[in-house]
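Here is the structure we will look at.
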Ligand SMILES: [Fe+2]
């Protein structure tokens, strides 16, 4: 989470009386890490605790991890994400491809409207994980009780765990969603002891956007019915009075956006390892950003990644755009999966060809996990059978 922000009204003293238009407001406090972490104090019109009975919400199998538990051979994979079907709504557009206990990696392709069981639009909250979207194509607005975040192509969109959200988009979205259990954060080493991002961090405070304004009451009507994911179960809560009509908030827990092209990459005299592109850190995994940059400039330098074995780390790359220096047969929305235990590296010809390069225009998102990932049935159905032989 970033610095403290505020929108709307607050009392001068936290946890004290506040009214708006002669009506007393209720406090709604959002905390992280028990009561030790970041927090936001919001002020709402109706009691936020007055939900009706919970009901199970039907979710397509592909939304969540789904596997037949057959042994997964140790091999590299190219998951052709661009070949997965476009979805008719949010529930059908999000498809989990790879997962472990700490993170779920899904593509999002299609409409992101959020219909409920009836025709009414609902909101979604992930109470297990923070959620990080990467938008490859599309634009729109993310509504949360804390306001409206605008997003566009090449934006990351980081939504704190437990906060309901709703997409407002007129066109389809293509991109990636990484759920980080329990959290996904800006790495602590990028901050100084005062909480400010250091000068050598790959981004600055001004590169992040927060909710621009509070929602109008009509816009917030989607929060009358909220589908919440907790422990793998999707429950819908319907409220008699909308609990998320806000009149103000202040704090450090809120959705943020960050455009990957604002990431400030580092280039070395000779090749720097991929962890130099660190962007977000989860529990036993990291998210890194590869963006257009000058490449290694030392005499005889080979800009292409060196072949390597990393026995403690699984590597997933989501390809966005540009000419990928180390891969062939890969296109936008492809995901490569290189497991721990066997080596990987550039395909034949790519290693030598990279010596002529002075720059790269590639954009890609990498997820490195410290624990084994499983491919879902959807991933296996779109697994390129020729990928392994591309090194021959
Ligand atoms: Fe690698």
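The condition of being part of a helix (DSSP H, G or I) and within 26 Å of the chain's Cα centre (by Cα) holds for only one of 380, 352, that being 380.
Scanning the stretch 262-289 for residues that are over 27 Å from residue 6 (Cα atoms) and in a helix (DSSP H, G or I) yields 274, 275, 276, 277. Of the strands (runs of 3 or more DSSP E) lying entirely inside the stretch 12-70, those containing at least 2 residues that are under 22 Å from the mean Cα position of the chain (by Cα) are 26-31, 39-44. In the condition set (1) touching a helix residue (DSSP H, G or I) at 6+ places or on another chain (Cβ under 6 Å); (2) more than 16 Å from the ligand (Cβ to nearest atom); (3) over 26 Å from residue 133 (Cβ atoms), residue 266 is compliant with all but (3). The residue that is nearest to the ligand (Cβ to nearest atom), counting only those in the stretch 309-331 that are modelled with pLDDT of 90 or more and loosely packed, with under 15 Cβ neighbours inside 10 Å, is 312.
For the stretch 358-365, the condition of being over 18 Å from residue 306 (Cα atoms), outside the structural domain of residue 131 (by TED's automatic domain parsing) and part of a loop (DSSP other than H, G, I, E, B) holds for at least one residue. Filtering the stretch 332-383 down to residues that are more than 16 Å from the ligand (Cβ to nearest atom) and free of Cβ contacts under 8 Å to residues at least 60 places away in the same chain, which residue is farthest from residue 77 (Cα to Cα)? Here the residue is 356.
Per-residue answers, yes or no, for (1) part of a loop (DSSP other than H, G, I, E, B); (2) out of contact with any helix residue (DSSP H, G or I) (no Cβ under 9 Å at 6 or more places or on another chain); (3) surrounded by 17 or more Cβ atoms within 10 Å (Cβ to Cβ); (4) without any contact (Cβ under 8 Å) to a residue 24 or more places away in the chain:
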residue: 163; (1), (2), (3), (4): yes, yes, yes, no
residue: 166; (1), (2), (3), (4): no, no, yes, no
residue: 171; (1), (2), (3), (4): yes, yes, no, no
residue: 174; (1), (2), (3), (4): no, no, yes, no
residue: 195; (1), (2), (3), (4): yes, yes, no, no
residue: 199; (1), (2), (3), (4): yes, yes, no, yes
residue: 203; (1), (2), (3), (4): yes, no, yes, no
residue: 212; (1), (2), (3), (4): yes, yes, no, no
residue: 215; (1), (2), (3), (4): yes, no, yes, no
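Regarding residue 285, is this residue in contact with a helix residue (DSSP H, G or I) (Cβ under 7 Å, 6 or more places away or on another chain) and in the same structural domain as residue 350 (by TED's automatic domain parsing)? When the stated conditions are applied, residue 285 does not pass them. Scanning the stretch 290-308 for residues that are in a strand (DSSP E or B) and within 15 Å of the ligand (Cβ to nearest atom) yields 290, 308.
The values are calculated or read from the model by the stated rules, or taken from the named source; none is laboratory data. Computed from a predicted model, the values in this text were never measured in an experiment. Reconstructed Cβ throughout: ideal geometry from the backbone, glycine too, with neighbour counts over all protein chains shown.
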